[in-house]
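I have placed the structure first, in the form of structure tokens, so that the comments after it can refer back to it.
Laboratory data are not the source of any read-out in this text; all were calculated from the coordinates shown. Here the structure is a predicted model, which is why all the values come from computation and not from measurement. Cβ placement follows ideal geometry from the backbone for every residue including glycine, while neighbour counts extend to all protein chains displayed.
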């Protein structure tokens, strides 16, 4: 039987957050350090989910067990937290919980459950360090230390914390190795799965779920509601210490099972791209096929890991009709993704790409050089040859070429698939893939029946894709799964009317094209698009002006201070200089560094500090953010080019298509 399916995986990725699927909801981490939903475009950071206002009333039975507890036993509200010490959203959630403890002192108790995610290599050791401290009555002291020093979660720092909080260090070290703590972690994680708390942080307030690092008002709304119910129980005769048990008595023990996506949920005609498959890319399966699936992925991206079993299911379902081709595109904010990609190619050189592929995805939290060498030994590679390939960066150019190819077709998220050129975004379920694969097989059969040879089917389909790609309206400025493909072009999106007001602007006042950017200084996708905007300035000169609007996302703790710093610099005529500093140093946006950048730019520091301390620009930033939400800028970056929306860190050709169209409307001015 002739092969029916080729799966080409371009691994390395252009997105993240981190991203592929970045989070459970939008403000927590669900299998990834970031905040993008599985089916959401991953070149844009999403806004936080709205606070629950009289939302889901489901009460879950969440036992306290022997978990660490802080607060009085007779507190009327119990907040159970499933958390991960290496998760940045958990750190943010921790700060909110501390705020709630102060606001509801005596009325709330906090229970901590451990859910260290597999792709956070230091999360489980941190949890063990905290639980071992608990043996000496210092769990919460260590808990606070870990969140306060989240960037340093190594063994030496743990020991330093142990000394600082007055532990018997030798006993603490011995307790860390106790198997009972690993058993507790396993128990807590099993409970999390049972309750549908698959991401971190996840809270249960008197049994009612609140997912993600939600803002304080979201917590207060639930706490106040549950406090009222609890007070009614007490008035009716329930003892305060028995309130939690009474509340949970009629609760549910299990979250409803997620429903698999029905085949019809798959888009019928996604955007079509011309996607080449190099002959030297790692491949598995039959040489020829009716369907080619090209995947952009990243060994450190948790969403890419999530889709590996689905790829295996496709392979098993289609048998010898499946071919996989793997190309690289490591995300810049995944520190080990590039070396992992190079290691996979060093393994490929010795005929062991797929064993290394499986090793790395199975051990995604341990992709440093030492572990890569361990995996190479385990799969029987010639270690001298393997080490030399990594030492000399033998495959660096190859990986970069794959990344450039991914950028060229606009795959700005991982994982992103092209099924016979049809775009398909995210770690989607098997049924969604199957619907499109079967449809493409039918199209291929039709071509073959009309005389096209099997070996020419993909080329024929790509020829059609090339025609579609030339259409400026076939870009990515639409939600995933709503491309145009062979269908008639969708109606143009409405033009947004945006008042630039006092926003910082670069370019001539009378430029025929205005690009308004809604951005966040801590968003990696916003950073990624900065060079693109610089290139547009160079190419279009006085024909384009750029206006900057603020949209600091709530799960980026330093985004709002950075926005304030940029406006304090703007007050002194240095917005764009500060803008460039902030994006160039995106990982260091705390107050001390913001002041350092201000000094480097020669700002009046007294004036700068006064603006920051007095929250001088807070109302302006809020106004920008509110305006963005109102016109559909629900993530960052979002652009409006003469009012036409373009979402995400798109390749320059997507910007140029709209700019050129706008210039043409204005007679080429």
Can you give the relative contact order of segment 69-248 as a percent, counting alpha carbon pairs under 8 Å and 6+ residues apart?
-> 32 percent
Please list 353-362, 510-519, 77-86 highest first by mean number of surrounding beta-carbon atoms within 10 Å per residue.
-> 77-86, 510-519, 353-362
If you count, for each residue, the other Cβ atoms within 10 Å and average over each peptide, how do 524-537, 556-569 line up from highest to lowest?
-> 556-569, 524-537
Taking 0.36 nm per residue of separation and subtracting the Cα-Cα distance, what length does fully extending residue 174 through residue 276 add?
-> 31.1 nm
Measuring from a point 7 Å past the Cα of residue 229 along Cα-to-C-beta, which residues in segment 169-204 have an amide N at less than 17 Å?
-> 203-204
Stokes-Einstein, Kirkwood over Cα pairs, segment 282-391, 37 °C, 0.692 mPa s; D in µm²/s equals 228 µm²/s
Provide the gained length on full extension for the span residue 366 to residue 151, in nm with one decimal, where the gain is 0.36 nm per separating residue minus the Cα-Cα distance.
-> 75.7 nm
Gain in length, residue 404 to residue 98, computed as 0.36 nm per residue apart minus the alpha-carbon separation, to one decimal in nm?
-> 105.6 nm
Classify segment 525-581 as rounded, prolate or oblate, taking a ≥ b ≥ c as the square roots of the eigenvalues of its Cα gyration tensor: rounded when a/c is under 1.5, otherwise prolate if a/b is larger than b/c and oblate if not.
-> oblate
Segment 107-151: Rg/Rh from Cα coordinates, Kirkwood Rh?
-> 0.99
Å³ per residue enclosed by the Cα convex hull of segment 193-251 | 81 Å³
Cα extents of segment 69-248 along the three principal axes, largest first, in whole Å?
-> 51, 30, 28
By counting other Cβ atoms within 10 Å of each Cβ, how are 142, 311, 383 ranked from fewest to most?
-> 383, 311, 142
When the scattering of segment 113-219 is computed by the Debye formula from its Cα atoms alone, each counted once and equally, what is log10 I(q)/I(0) at q = 0.17, 0.19 Å⁻¹?
-> -0.84, -1.01
For segment 511-651, max minus min Cα coordinate along each principal axis, in Å, sorted largest first?
-> 40, 30, 24
Of the convex hull drawn through the C-alpha atoms of segment 557-604, the volume per residue in Å³ is 58 Å³
Round to the nearest 0.05 the FRET efficiency obtained for residue 609 and residue 335 when R0 = 30 Å and r is the Cβ-Cβ distance.
-> 0.35
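Calculate how many DSSP beta bridges within segment 69-248 are antiparallel, expressed in % of all such bridges and rounded to the nearest 5.
That works out to approximately 60 percent antiparallel.
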Protection proxy ranking of 214-226, 589-601 - average other beta-carbon atoms within 10 Å, highest first | 214-226, 589-601
Assuming R0 = 30 Å, what is the FRET efficiency of residue 595 and residue 159, from their Cβ-Cβ distance, to the nearest 0.05?
-> 0.40
